[in-house]
Amino acid sequence: MERDDFPWKLPIPSSSGNVVVEEEEGTLLKYVGGVDVSYSKELDSAAAAAAAAATAACGCGSLVVLDVTTPTLQVVYQDFFLLTNFDVPYIPSFLAFREAPILLQLLQKMKNTDNPFYPQLLLVDGNGLLHPRGFGLACHLGVLANIPTIGIGKNAMRSTKGSCKPIYISVGHRVSLNTAIKIVKMICKYRVPEPIRQADIRSRDHLQKNSCGNGGTLQ
DNA sequence: GCGACAG
DNA sequence: ATCTTGTCGC
């Protein structure tokens, strides 16, 4: 679980700062996925009329895949999973029980259709081994989907305010911490690694355009 | 009661 | 996570 357990090689940053793409097709890390779930606080109109105290929400899970051998980290795949009347609560330290089922479906949909962009590795918006019980969302998802995962935390539990705002990288599944750090460093354009950032941006955007607030209208 | 609490 | 406007800076 904490060792590298995958067949591919990392693109090697050259001394000039450019990425050297090796010729061995299929052995190079190319497709890196990112997952996230966004929520809308808006009440579902039907639920609001029926139950006064009900606070059903809308949610949107997203899965994006980036080609990390391109300088721009091109997004080559995206898919969403919209949730209506989502009432699974968020309980601190139990994030996986809320989000793993959603994200797992997005991954299985790709796998079931033999999608050529199926990610070789997945970055997860949430921690891996860095968790009170040592098994965060990134671990759950990695095991369930049997895919190498890296956990990305943006708030450390019980941390103090630092002068800068770091991110927290932790092992999810089938990747060592050293490798996880190397990979994250090569796919960051901004503070948050690009696969996570794109998953975040796109899920929020998709939710806004397709959420309960629009009466469920699409397009 | 107070502080902490991934997203 | 979400509720929220403008604003300062590269």
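Quick notes on this one:
- Once the Cβ-Cβ distance of residue A:94 and residue A:2 is raised to the sixth power relative to R0 = 30 Å, the FRET efficiency obtained is 0.85.
- Other residues whose C-beta falls under 12 angstrom from the C-beta of residue A:180 contribute a net charge of +2, scoring Lys and Arg +1 and Asp and Glu -1.
- Label point at residue A:191 placed 7 Å out along Cα→Cβ; residues across the stretch A:117-153 whose backbone nitrogen lies under 13 Å: A:153
- At full extension, residue A:72 and residue A:178 could sit 35.8 nm farther apart than now, given 0.36 nm per residue minus the alpha carbon distance.
- By average C-beta atoms within 10 angstrom, highest first, the peptides A:88-98, A:74-84: A:74-84, A:88-98
- Across the stretch A:177-183, rounded Karplus estimates of 3J(HN,Hα) from the backbone phi angles (6.51 cos²θ - 1.76 cosθ + 1.60, θ = phi - 60°) give 5, 4, 5, 4, 5, 4, 5 Hz, Gly and Pro being marked x.
Bear in mind these aren't lab numbers, they're just calculated from the coordinates by the rules spelled out. Here the structure is a predicted model, which is why all the values come from computation and not from measurement. Backbone-built Cβ (ideal geometry, glycine too); neighbour counts: all protein chains shown.
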